[in-house]
Amino acid sequence: MSSTKTIGIIGGGQLGQMMAISAIYMGHRVIALDPAEDCPASCVAELIAAPYDDVAALRQLAERCDILTYEFENVDADALDAVVREKQLPQGTALLRMSQNRIFEKNFLSKEAKVPVAPYRAVTSSSDLKNLDWSKKYVLKTATGGYDGHGQKILGGQADLEEASLLADSADCVLEEFVNFDLEISVIVSGNGQDVTVFPVQENIHRNNILSKTIVPARISDELAQKAQAMAKRIACKLQLSGTLCVEMFVTDDGLMINEIAPRPHNSGHYSIEACGFSQFDTHILGILGKPLPAVKLHAPAVMLNILGQHLAKAQAYITANPSAHLHLYGKLEAKHNRKMGHVTVLCDMPDEIEEMGKGLDF
Ligand code: AMP
């Protein structure tokens with residue numbers, strides 16, 4: 001039997017493109033489904049141009065592919081259930097449904113995986129926001145559809161209630177206690193349905209709620225890093241994970257707290273393409289195919305910087321001055337403000353250099 005598979009990717013953005021590149025050099029064929037004819041995956045894979053919830057297009061993809069995967073979590077799970085054959089979607093739609101809803105996700109993390117999360121409660125209307133203890137701050141998040149800080153409101157006191165009530169009456173939400181964290185970190189973990197492999201711990205710096213910079217290894221103690229990796233593994237094992245998952249965490253004075261999970265490769269794991277023996281995309285493809293997973297080693301400390309639309313010129317100048325930096329551009333034709341156009345990864349020879357890079361490197 002041929003070891004070449006045809007892999008269908010739902011979503012043709014940069015994550016789909018980088019998954020496709022890994023799959024292609026392992027000898028597989030890739031078909032992506034995305035509404036945009038000129039999406040990043042179209043540069044490297046055959047494309048079915050159709051909306052994500054187009055059942056006929058999804059059926060065509062399922063019929064033509066051995067294995068299906070998705071590059072983002074807001075895929076229509078019902079439409080997928082209607083078309084996938086048994087075992088064709090190793091990540092499963094249960095994980096998709098869980099990560100589409102913050103309330104389901106928090107319940108899973110705290111009650112099933114039994115990992116620490118910020119104290120939270122489900123909010124179905126503004127009446128659930130009465131009688132809050134204002135000695136604390138809160139974050140109100142819509143249960144579904146939020147990303148990069150969209151659909152979120154910080155509540156510091158009564159004055160914020162009016163706006164928060166509008167949000168709470170417009171959609172189901174989750175109210176979390178505000179966490180005074182020191183650092184944000186994330187851990188990439190990949191599974192093949194049986195075993196898991198874990199990546200080094202990443203430190204993430206956001207600007208305007210969008211990931212700006214990732215520093216690896218995170219500037220935390222080895223003991224804390226091992227705890228973070230153990231938590232990510234625990235979550236992955238509980239899920240019998242297939243493919244790559246990112247676990248985002250807060251580092252606080254009291255230890256680690258899980259913020260959220262993303263059931264796919266993640267922006268904070270892009271450094272792994274150059275800095276590790278295997279990238280998060282390689283292990284995603286190996287994992288969904290049920291192949292043995294390699295141990296992942298960090299070859300060099302790394303800094304990854306996102307290139308948003310407004311950073312293109314600065315990034316080009318940086319690369320001209322620093323040709324050993326690794327430039328990735330996703331092939332997006334229009335450079336809009338805050339649109340992720342690419343990223344740069346810089347590898348450091350000396351572990352100490354990472355401090356300096358973390359401070360100095362910026363667009
Ligand atoms: P999220 O969409 O949940 O990843 O949140 C986006 C960003 O908001 C996170 O990366 C944090 O910087 C911040 N954030 C989210 N939840 C909390 C929280 N409970 N306390 C403090 N900051 C938060």
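Annotation for the stretch 14-102: GluC sites (Glu not before Pro) lying in DSSP loop with at most 12 further Cβ atoms inside 10 Å of their Cβ are GLU37, GLU86. For the chain, averaging the sequence separation of C-alpha pairs within contact (under 8 Å, six or more residues apart) and dividing by the residue count gives a relative contact order of 14 percent.
In the P(r) worked out for the chain, what percent of Cα pairs fall beyond 39 Å? Of all Cα-Cα distances in the chain, 14 percent exceed 39 Å. A simple spin-label model places the labels of ILE319 and ASP362 2.3 nm from each other, with each point 7 Å out along Cα-to-Cβ. Please say if the stretch 245-324 is rounded, prolate or oblate, where rounded means a/c under 1.5 for a ≥ b ≥ c the square roots of the C-alpha gyration tensor eigenvalues, and otherwise the choice is prolate for a/b larger than b/c and oblate otherwise? Verdict is oblate for the stretch 245-324. Comparing Cα centroids, the stretch 125-197 and the stretch 259-291 end up 26 angstrom apart.
The spacing between the stretch 49-123 and the stretch 298-338, judged by their C-alpha centroids, is 31 Å. Each peptide among 251-261, 93-103 gets the average number of other Cβ atoms lying within 10 Å of its residues, and from highest to lowest they stand as 93-103, 251-261.
If you take the beta carbon distance between THR252 and SER127 as r and set R0 to 35 Å, what does 1/(1 + (r/R0)^6) give as a FRET efficiency, to the nearest 0.05? It comes to 0.70. With r as the distance between the Cβ atoms of THR144 and ALA56 and R0 = 22 Å, compute the FRET efficiency 1/(1 + (r/R0)^6) and round to 0.05. Between ALA56 and THR144 the formula returns 0.30.
The label point for GLN152 and the one for LYS336, both projected 7 Å from the Cα toward the Cβ, are 2.0 nm apart. Placing a label point 7 Å from the Cα of SER221 along the Cα-to-Cβ line, the residues of the stretch 162-185 whose backbone N sits under 16 Å from it are 182-183. A simple spin-label model places pseudo-atoms 7 Å from Cα toward Cβ; at ARG85 and ILE210 they are separated by 4.1 nm.
Take every Cα pair under 8 Å whose residues are at least 6 apart in sequence, average their separation, divide by the length of the stretch 115-270, and the relative contact order is 24 percent. Taking 0.36 nm per residue of sequence separation and removing the Cα-Cα distance, the ASP182/PHE72 pair yields an extension gain of 36.8 nm.
If R0 is 25 Å, the Cβ-Cβ spacing of GLN240 and ALA295 corresponds to a FRET efficiency of close to 0.80. Highest-first packing order for the peptide set 313-326, 188-201 is 188-201, 313-326, based on the mean count of other beta carbon atoms within 10 Å.
Normalised by the number of residues in the stretch 35-157, the average gap of Cα pairs under 8 Å and 6 or more apart makes the relative contact order 16 percent. Phi-derived couplings, Karplus 6.51 cos²θ - 1.76 cosθ + 1.60 at θ = phi - 60°, listed residue by residue for the stretch 75-80: 8, 5, 5, 5, 4, 5 Hz, with x used for Gly and Pro.
Every number here is computed from the coordinates shown, using simple stated rules; none is lab data. Bear in mind the structure is a predicted one, so any value in this text is a computation, not a measurement. With ideal geometry, Cβ positions are generated from the backbone for all residues, glycine too; neighbour counts draw on all protein chains shown.
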